[in-house]
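Scroll down for the structure; my scribbles are underneath it.
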Amino acid sequence: MGRLLDRLKLAFGKRKEIPIPRDVCAPRESWDSTDLKETFCISVENRTFDTIWVSLSGKMFMDNADLVREELLAIIRTESLKNVVMDMGQVAYLDSAGAAILTDIYRKCKELNNTVKLANVPERVTNLLEMVDLEHFKESAILKPREAPGLLVQIGEGAEKLYANAKDIVIFIGAVAQAMGQDLIRPRKIKWDRLWKLVERAGADGVPIVAALSFLMGVILAFQAAIQLRKFGGNIFVADLVSVSICLEMGPLLAGMIVTGRSGAAYAAQIGTMQVTEEIDALRVMAIDPINYLVAPRILAVALVLPCLTLMADLMGIFGGCLVAAFSLDLTPTTYFNQVRKVLEVSDVMKGLGKSMVYGIEIALIGCLRGFQVRGGAESVGGATTSAVVTSIFVLTVTNAVFSLLFHYVPKLWSG
């Protein structure tokens, strides 16, 4: 009855350990303090749907060979449809009887049209298998860690991945441009109800966090500037620094990074999960273009939402600076906002809003692209989500640097 219960536990994928009785492991007269500490155990674990992982520990030798063989064969018969990987990493001793057990296991798996491989084989066990000349367990049947490729191979693989990634980006951007062009030509076909839901999730739901972080950023900028400007009696210039830096740089960039963490990661995870569950293929079977159905509305939603969030970030950042100026620099709110009105131009605000719209397009593009690149299971979805966030932050930073150069040099070129 106990044996039957063990088999049922094994059938349902639970891990079990089978200790070999001490009187079977070695004769009583030969026991000593070292032998008493040693036990032979068999641990079974279902790691994939078609493979069982059998971990062996202790001694496999003449005195316990019959019992070990019986238990291993029982495990294989119970899991008759699964391949076997035998982890030998904890095997302390193995003689010719243990090697014969491995041969029996190989034959039984072959009868069941399954395979058996050895993993983490100690060097002493490998040497024994070579000495007894077991053809079934040569190098091809022993699992070993993959050797690290050479430097040239790594460079070649990196170049190949870079080329494939660049190709995917170009093809994806072309497909998105085509889909959005069709939407502009025929706006009646746009699913406006879906678009407003995406706008609400990307924009309205993100207002509290954008407002809070932008307010704190304005406070930090004003406080750090006040420490230095107070030395020269330039308290009033805190308004200049906070307003211009928030509207031109920090507001759009901060809002973009928040949307990256919220919407960009969400788009990668959503589309990646649809890719894994074959919902993308189902859309194609139903003659629905996934780019037009999934990507175009998301890009349009983020492109519309991010300038609004940026404007909110600008206002909250300037207000945060006003709070510090009032309490630390003895500037009245009227004086502070008059200085802001003098130094801050409409063109500065419009530049920040234009940058934020470009940021929104990039965030949605990258998030959706990483989602479509998912292959495999949950681990691939997690990797795509992480890659979407990291790539978006990098692209936003580079784009911000490009805009800074353009805003600095283009007016000079136009003026002469």
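Numerical summary
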quantity: Which listed residue is part of a helix (DSSP H, G or I) and over 26 Å from residue 208 (Cβ atoms), from 267, 293, 336; calculated: 293
quantity: Any hit, the range 205-223, residues being surrounded by 17 or more Cβ atoms within 10 Å (Cβ to Cβ), of a type in the set (D, E, K, R) and out of contact with any Ser or Thr (no Cβ under 6 Å at 6 or more places or on another chain); calculated: no
quantity: Boolean, residue 328 is surrounded by 18 or more Cβ atoms within 10 Å (Cβ to Cβ), of a type in the set (S, T, N, Q) and either in contact with a strand residue (DSSP E or B) (Cβ under 9 Å, 6 or more places away or on another chain) or in the same structural domain as residue 382 (by TED's automatic domain parsing) (or both); calculated: no
quantity: Among residues of the range 77-95, those that are in contact with a helix residue (DSSP H, G or I) (Cβ under 8 Å, 6 or more places away or on another chain) and under 19 Å from residue 121 (Cβ atoms), counted; calculated: 7
quantity: Unmet criterion (only one of (1) at positive phi; (2) surrounded by fewer than 18 Cβ atoms within 10 Å (Cβ to Cβ)) for residue 112; calculated: (1)
quantity: Positions within the range 219-234 being over 11 Å from residue 324 (Cα atoms) and of a type outside the set (A, V, I, L, M), in sequence order; calculated: 228, 230, 231, 232, 233, 234
quantity: Unique match (being assigned by TED's automatic domain parsing to the domain that holds residue 362, crowded, with 21+ Cβ neighbours inside 10 Å and part of a helix (DSSP H, G or I)) among 181, 256; calculated: 256
quantity: Residue in the range 166-176 that is surrounded by 11 or more Cβ atoms within 10 Å (Cβ to Cβ), part of a loop (DSSP other than H, G, I, E, B), at pLDDT below 90 and not hydrophobic (A, V, I, L, M, F, W, C) present; calculated: no
quantity: Wholly enclosed helices (runs of 4 or more DSSP H) of the range 17-127 bearing at least 2 residues modelled with pLDDT under 75 and not β-branched (Val, Ile, Thr); calculated: 22-25, 33-36
quantity: Residue match in the range 274-281 (condition: at pLDDT 90 or above and among the hydroxyl-bearing types (Ser, Thr, Tyr)); calculated: no
quantity: The range 353-389, subset of a type in the set (Lys, Arg) and buried (at least 24 other Cβ atoms within 10 Å of the Cβ), residue farthest from residue 291 (Cα to Cα); calculated: 355
quantity: Complete set of residues in the range 322-332 that are within 12 Å of residue 236 (Cβ to Cβ) and part of a helix (DSSP H, G or I); calculated: 325
quantity: The range 170-197 residues that are among the aliphatic types (A, V, I, L, M), paired with ones that are at pLDDT below 85 (beta carbon under 6 Å, 6 or more apart); calculated: 190/183
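The values are calculated or read from the model by the stated rules, or taken from the named source; none is laboratory data. All figures in this text were calculated on a predicted structure; none of them were measured in a lab. With ideal geometry, Cβ positions are generated from the backbone for all residues, glycine too; neighbour counts draw on all protein chains shown.
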